[in-house]
Amino acid sequence: MNDNRTYAIIGGTSGIGFALARNLVDRGDRVILGGRSPERLGQALTALGPNASGATVDITDRSSLQRFFAEVPALTGLFTPAASYATGSFADGDLETSEGLFKAKFWGQYWALHAALRHLLPEASVVLMSGAASVRPIGAPAYAACNSALEGLARGLAVELNPIRVNCLSPGTTDSELWRNRPDSVREPAYDYWKKLCIVGRPATSEEQAHAALFLLDNTNVTGSTLFCDGGYTFR
Ligand SMILES: NC(=O)c1ccc[n+]([C@@H]2O[C@H](COP(=O)([O-])OP(=O)(O)OC[C@H]3O[C@@H](n4cnc5c(N)ncnc54)[C@H](OP(=O)(O)O)[C@@H]3O)[C@@H](O)[C@H]2O)c1
């Protein structure tokens, strides 16, 4: 395809972000990956080959984001799945957990796009990452609110940043490293529960989420939308 297209993926060194990077590189595009761990970054770049470059970055650190984007070329797209957070209940959880979640997931993506903005081409496409708990929460109300806020942010940004398009990918449970790195005793019951909650009866794959993100990056008539790649979870 066009070898002048470059996409930045903050959180591109594993899981959904890496799967998207693989799709983009395979079709001839260039990717710039960001993540905190230099080891994971190095492994991802080696796996993707010469059309991939990257740097370490922490999405919760605005100066780190400024450094990351300082030297990037003009961007055709930005995807921001980077997030590390804890969730908890409203009544029993501590307030810092909920605040930290917003800093990690909502403000991190807000700051990343802000730092990237002057590098985005007029025809660029931005895909934010939320999660299907936005419309069907199971506990953790701050997590539901954070994801809803991101979906609202995509709508607001689509208006303000036009002709740059801004959309949101809202996954259900996905068999990415996020879950694979958790103990079997946590992951397996969560997957079993998920199988009953959704319609397709299994977690998504990272590849399925990457396919949805790619659609949002590429489709030139979609902006301000949230795409639920959730196996039918949100309307069940
Ligand atoms: N998997 C699911 O079931 C699911 C469901 C709904 C929503 N989501 C959303 O999907 C996103 C996670 O994607 P994933 O499932 O593909 O997870 P993943 O495999 O754990 O990938 C997360 C990526 O983000 C990077 N990252 C994490 N924290 C970062 C930070 N503070 N700064 C920069 N990079 C950071 C990680 O690398 P480093 O650790 O090296 O930084 C990694 O590259 C989250 O927003 C999550 O809420 C996931």
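Readers should treat all values here as calculations from the given coordinates under stated rules, not as data from a laboratory. Keep in mind that what you see is a predicted model, and the values were worked out from it rather than measured. Cβ: placed from backbone, ideal geometry, glycine included. Neighbour counts: every protein chain shown.
Listing for the model above:
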quantity: Principal-axis tilt of helix 38-48 within the chain, Cα atoms, nearest 10 degrees; calculated: 70 degrees
quantity: Angle in degrees between helix 15-26 and the longest Cα principal axis of the chain, rounded to the nearest 10; calculated: 30 degrees
quantity: Relative pair counts by distance (%), Cα atoms of the chain, 5 Å bins; calculated: 1, 7, 14, 19, 21, 18, 11, 6, 2, 0, 0
quantity: Nearest 10 degrees, 0 to 90: helix 184-197 Cα axis against the chain principal axis; calculated: 80 degrees
quantity: Among Ser98, Ser89, Ser206: highest mean-square fluctuation, GNM of the chain, C-alpha pairs under 10 Å; calculated: Ser89
quantity: Cα centroid separation, the stretch 79-112 to the stretch 46-68 (Å); calculated: 21 Å
quantity: R0 of 22 Å, Cβ-Cβ distance Arg180-Thr97: FRET efficiency to nearest 0.05; calculated: 0.45
quantity: Mean Cβ count within 10 Å, highest first, over the residues of peptides 39-47, 128-136; calculated: 128-136, 39-47
quantity: 14 Å beta-carbon shell around Ala21, net charge (K/R +1, D/E -1); calculated: +1
quantity: Reachable aspartates and glutamates from Lys103, criterion Cα separation under 13 angstrom, eight or more residues apart if same chain; calculated: Asp58, Asp61
